[in-house]
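All of the numbers you see were taken from the coordinates with simple rules; none came from a lab. Fair warning: this is a prediction, and the values are worked out from it, not measured in the lab. Please note: Cβ atoms are built from the backbone with ideal geometry, for glycine as well, and neighbour counts cover all protein chains shown.
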Amino acid sequence: MLTKTILAMTLFATLALAMITVLPSSFGAEDLIVNGGFETGYFVGWNAPCQVSPYFGSCAIVPPNFQAPYGPRYDSSYEIVNVQPRSGRYSARIGTTVYTMGTGSTGLLSQNVIVPAKSKATITFWYKVEKGAKLAFILRDVNGSDIAQKTFGESFGWTLFKHELGGEYAGKTISLIFQGTAFSEPSQRYEAVYLEDTIWFALVDFKQSYYTYLDDVSVIAEPVQ
């Protein structure tokens, strides 16, 4: 009986060692970004040196299908915003047009992360850039030197971006910086006007705005073999 017990324990130890040996390196992966999907409903974890407002701010956390009023006639003079988050309930809008036509103001979001020692990292995020708008992504080290830069123009739907950081950045602080610029143009639509029991349709001028959106930002660190 004792011999069988010893054999069983030896076999268990051998299997356990084999499992540890074949575990993928992603087993120890961790996401360094805080609130990468903006699901808190606020810019928790982010540095947002911009005016934060759901309507007029140069940075905003937006739910799907909201209408942003502008101008003196809030009942009808609004821009229509209909963007579904890539996942969850919210996404981040960067940049605004406020009352301007053409190129609007630029919003800025950033977050610093420390890559763990003896690790590499993979940066991913999803972006959506509407007509005339622009999104810039800057990856910067603690000394202020740019590691990478990328500018995104108009995209059709949510698009994935991915960037690999090698082991040379292990133990270092890096900054993810997003700059979004919006765009607007005059447009027209028909509105229903009620006069007593009659419905009339009038052609109304309004401003249509286009924005940049960001969602599901992550920096996944994995041990270097």
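A dipole drawn for region 31-223 from +1 and -1 charges on Cβ atoms has a positive end, and of 152, 57, 95 the residue lying farthest that way is 152.
Among the chymotrypsin sites (Phe, Trp or Tyr not before Pro) in region 107-162, those placed in a DSSP loop whose Cβ has at most 11 other Cβ atoms within 10 Å are 156.
For region 87-152, a crude dipole built from +1 on the beta carbon of Lys and Arg and -1 on the beta carbon of Asp and Glu, taken about the Cα centre, is about 220 debye to the nearest 20. Calculated on the alpha-carbon coordinates, the convex hull of region 83-225 measures out at 129 cubic angstrom per residue. For residue 172, the aspartates and glutamates whose Cα falls under 20 Å of its own Cα, not counting residues fewer than eight places away in the same chain, are 30, 31, 141, 146, 164, 222. For residue 207, a cut-off of 20 angstrom between C-alpha atoms picks up these lysines, skipping any fewer than 8 places away in its own chain: 131, 134. Taken about its Cα centre, region 31-223 carries a charge dipole of roughly 540 debye when the Cβ of each Lys and Arg holds +1 and the Cβ of each Asp and Glu holds -1.
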